[in-house]
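What follows is a single structure, written as structure tokens, with notes after it.
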Amino acid sequence: MIVMPAAREASAKKARQPPGQMSAVGRVFRTTAVKLSLVYLAVFSLVTIALVTYLLSSINAILTSELSDAVNAEVRELLNQYEIGGVLRVVTLVDSRSRQPGAGLYLITDPSGNPLVGNISDLPEGVVDRAGTSVRAVPYRRLSHETDANSHHVALVRVFTLDNGFKVLVGRDVGEREKFSGLIGEALRAVLVVTVLLGLVTWWFVSRSVLKRIDQVTHTANRIVAGDLSGRLSLTGSNDEFDRLAVGLNHMFDRLTDLMRGLKEVSDNIAHDLKTPLTRLRNRAEEALADTGDPERAESALEGVIEDCDSLIRTFDALLTIARVESGNQTIALSPVDLSDIVGEVSELYEPLADEEGVELTTSVAGEKALANRELLSQALANLLDNALKYGRPAEGPARITLSVTREAGAVLLAVADNGPGIPETDRGRVLERFVRLERSRNSPGSGLGLSLVAAIARQHGAPLVLSDASPGLKAIISLQPA
Amino acid sequence: MRILIIEDDREAAAYLVKALREAGHVADHAADGDSGWNFAEDGGYDVMVVDRMLPRRDGLSIIEGLRTKGDQTPVLILSALGQVDDRVTGLRAGGDDYLPKPYAFSELLARIEALARRRRPGEAETVYRVGELTLDRLSHEVKRGAEEIQLQPREFRLLEYLMKHAGQVVTRTMLLENVWDYHFDPQTNVIDVHMSRLRAKIDKGHDRSLLSTVRGAGYMIRDQAK
């Protein structure tokens, strides 16, 4: 009986929303916060209702028993009066009492059932006939000067019979009790309505601010998905969970932007560095096909084709190796290796070439062990040596390349130094990227992948690769973990 | 030599078969793993060339099956997967050599012939001979005629490998793999310089040169008089 109005209130509130706001309202209602809140609201309402109902019934019971006690006491008193002064005394007393304003109800009927005195004008049939010791609730109409059609009331009454057949009814109106229940009911209804309204208003504001920030995340993510990588989440500076989430997501977006930029650079470079040899390859194939009547020319063109193919394959191999090493999902097996072996073998491989080119190749190696993969580290070293031989020549004077292994503060440093022109400090980071070739080396053979591969291998070894100034020259240092 | 080629790329296989026949070998071709297995099981091949990724049955599983049966026919694995760990997987499965795609036919042919050589008796020879050049594997003595030649340890191993495969083409990659144990490609042709040094030591001052460069393929040591 009390729940219904509350439910109606809620649905009415929902229905009152203007249609234009329905989607916003719908979104608010679909949030987890609001769903949870509605559950709490329902539970709270039910508990309140149960509490009030219990309170009401207890108070009802107390009031009823008090009224019954009053009726019984008066009945006892009237019986006493009857013993003292007979019917007449009772009639007189009742007559006077029934004229007083108040809750008391009285009626005396003669043996044939006709009312003599009292303040009741209408009673259901047979009430007066059922005399007894119990107090019953009956509807009645009070005798009054104003004829009020709505003056139907309920009273607790008890009827007793005097010796001579006269019947006396004593009762108390329960209007007070009903009024009290009504008041409590009203209060409960008001409390429930206010609770629901306040709850909805609070949740509306809370979930709107939460939604706003989540929507911002969604919006930014959508923008990034659509290709605009510049979007970032704003911070409120409160360092709440949303701020922390935003910081984390912004980091992720930054990383993504870096990766995308890297990918774009690489694909641009691939486009250039693979398309150029492919074009050359195509031209040579055409030349070989051209009917010049000169078999030697065709043959040399075909040899050029094979050379170009080989260089393309080499570029692909280097790219694949870098990709494989960089993906890092296949962790390479690092084992303790003697660096003097690796350095010795690689320098031995290159020594004749260096000798032929007039480069003095020296090694200075302390027998240090480090965690490494022999094949990959040898490849890195070979690439560094190759670079030094190609680009590390001084303009005048003898060229020198030094391979060294030194131990330093928890790391084993593997270094390749030349006495050539070196790399300007501003370019040192850039040359490690794929396909980056400095202007002065543009015309010499090479894929621009050598140092990228070294960098990738160093990363895979957990060993930083540093390019530094050997003054003069370039010194590439890989800091390996000691074994 | 009888050579079995298990390769699903028909065009590549047809080219291989044709080229091997031109080189004087007998070549059979199976286009998928199942028929490849049937061919291989019948046996009688000197060398098998197996593509790693095949329809119906994986190349490595064919090799493992053969090895389980006790078939020791030399197998060369062809694969688009060319990284060191792929190579290790291939060799562990029982392959004898591993050639990443794309490859040069001369490289493949040289390797096939080297594989077949492995089976021939003479592996345990202690002295290799090519013409008047002798190499003693135990005493590490190298002589041309009566004249002793001083070689660095690496030069010795280089010559030892060449002489073991005397009369066959040995590619630069084969030398890198077998003499230096490197499976990467040094950007510069460092091998050529080593070879010219070796050639200077063994051929200098002699009318007949034993060590020759095979254009577009590699090197070969042989007695040209024969």
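Below is a table of values for the structure above.
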{"item": "Net charge of Cβ neighbours under 11 Å - reference B:Gly44; Lys, Arg +1; Asp, Glu -1", "result": "-4"}
{"item": "Relative contact order for segment B:127-221, counting Cα pairs under 8 Å that sit 6 or more residues apart, in percent", "result": "27"}
{"item": "Of A:Lys475/B:Lys164; A:Lys390/B:Lys201; A:Lys390/B:Lys143; A:Lys369/B:Lys69; B:Lys69/B:Lys101; A:Lys275/A:Lys475, pairs whose Cα-Cα distance is over 31 Å", "result": "A:Lys475/B:Lys164; A:Lys390/B:Lys143; A:Lys369/B:Lys69; A:Lys275/A:Lys475"}
{"item": "Between helix A:175-225 and chain A: long-axis angle, C-alpha atoms, 0 to 90°, nearest 10", "result": "10"}
{"item": "More than 32 Å apart - percent of Cα-Cα pairs taken over the protein assembly as shown", "result": "72"}
{"item": "Neighbour count of at most 13 Cβ within 10 Å plus DSSP loop: longest GluC sites (Glu not before Pro)-free window in chain B", "result": "B:1-122"}
{"item": "Which of A:Leu432, A:Leu116, B:Leu159 is most accessible, then next, and so on - probe 1.4 Å", "result": "A:Leu116, A:Leu432, B:Leu159"}
{"item": "Principal axis dimensions, segment A:188-310 - Cα atoms, whole angstrom, descending", "result": "110, 27, 17"}
{"item": "Cα-based reach from A:Lys35 at 24 Å (exclusive), listing lysines while leaving out same-chain residues under 8 positions away", "result": "A:Lys13, A:Lys14, A:Lys212"}
{"item": "Solvent-accessible area per residue, Å², over chain B with all protein chains present [probe radius 1.4 Å]", "result": "46"}
{"item": "A:Thr292 accessible area, 1.4 Å probe, all protein chains in place, Å² to nearest 10", "result": "70"}
{"item": "Cα shape, segment B:2-118, gyration tensor, a/c 1.5 rule", "result": "rounded"}
{"item": "Rounded to the nearest 10 Å², the accessible area of B:Val88 at probe 1.4 Å", "result": "60"}
{"item": "Residues losing 50 Å² or more accessible surface upon assembly, segment A:375-395, compared with the chain by itself, 1.4 Å", "result": "A:Glu375"}
{"item": "Calculated log₁₀ intensity ratio I(q)/I(0) where the Debye formula runs over C-alpha points of chain B, q = 0.09, 0.10 Å⁻¹", "result": "-0.40, -0.49"}
{"item": "Those aspartates and glutamates that a straight Cα-Cα span of less than 16 Å connects to B:Lys204, excepting residues fewer than 8 apart in one chain", "result": "B:Glu132, B:Glu147, B:Glu148, B:Glu155, B:Asp223"}
{"item": "Chain B: angle of helix B:33-42 to the longest principal axis, Cα-based, in degrees nearest 10", "result": "60"}
{"item": "Projected area, mean over directions - segment B:127-221, Cα convex hull, nm²", "result": "6.0"}
{"item": "13 Å Cα-Cα reach of A:Lys264 towards aspartates and glutamates, excluding residues that sit fewer than 8 places from it in its own chain", "result": "A:Glu433"}
{"item": "DSSP-loop GluC sites (Glu not before Pro) across segment A:334-416, with at most 15 other Cβ within 10 angstrom", "result": "A:Glu357, A:Glu396"}
{"item": "In sequence order, calculated HN-Hα J values of segment A:355-363 (Karplus, 6.51, -1.76, 1.60; Hz; x Gly/Pro)", "result": "4, 5, 8, x, 9, 8, 9, 10, 10"}
{"item": "Percent antiparallel among DSSP beta bridges (both partners in chain B, rounded to 5)", "result": "45"}
{"item": "Antiparallel %, DSSP beta bridges [both residues in segment B:127-221], to 5", "result": "100"}
{"item": "Top positive-direction residue, dipole computed over the protein assembly as shown with Cβ charges, set A:Leu480, B:Gly36, A:Asn283", "result": "A:Leu480"}
{"item": "DSSP-defined antiparallel bridges as percent of all bridges, the protein assembly as shown, nearest 5", "result": "70"}
{"item": "Interface burial for B against A (accessible surface, 1.4 Å probe, total of both chains, Å², rounded to 100)", "result": "2300"}
{"item": "Solvent-accessible area, 1.4 Å probe, carbon plus sulfur percent, for segment B:127-221", "result": "44"}
{"item": "Accessible-area value, A:Asp69, 1.4 Å probe, nucleic acids and ligands omitted, Å²", "result": "90"}
{"item": "Heavy-atom accessible area ranking, 1.4 Å probe, most first, across A:Lys275, A:Lys167, B:Lys201", "result": "A:Lys275, B:Lys201, A:Lys167"}
{"item": "Average Cα contact separation per residue, chain B, under 8 Å, 6 or more apart, as relative contact order %", "result": "13"}
{"item": "Crossing angle, helix B:59-68 versus chain B [Cα axis fit, 0-90 degrees, rounded to tens]", "result": "80"}
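The values are calculated or read from the model by the stated rules, or taken from the named source; none is laboratory data. For clarity, every value in this text was computed on a predicted model and none was experimentally measured. A quick note on method: Cβ atoms are made from the backbone with ideal geometry, for glycine too, and the neighbour counts reach across all protein chains shown. What goes into the accessible areas is simple: the full protein's heavy atoms, side chains included, and nothing from ligands, DNA or RNA. Shrake-Rupley method; radii C 1.70, N 1.55, O 1.52, S 1.80 Å.
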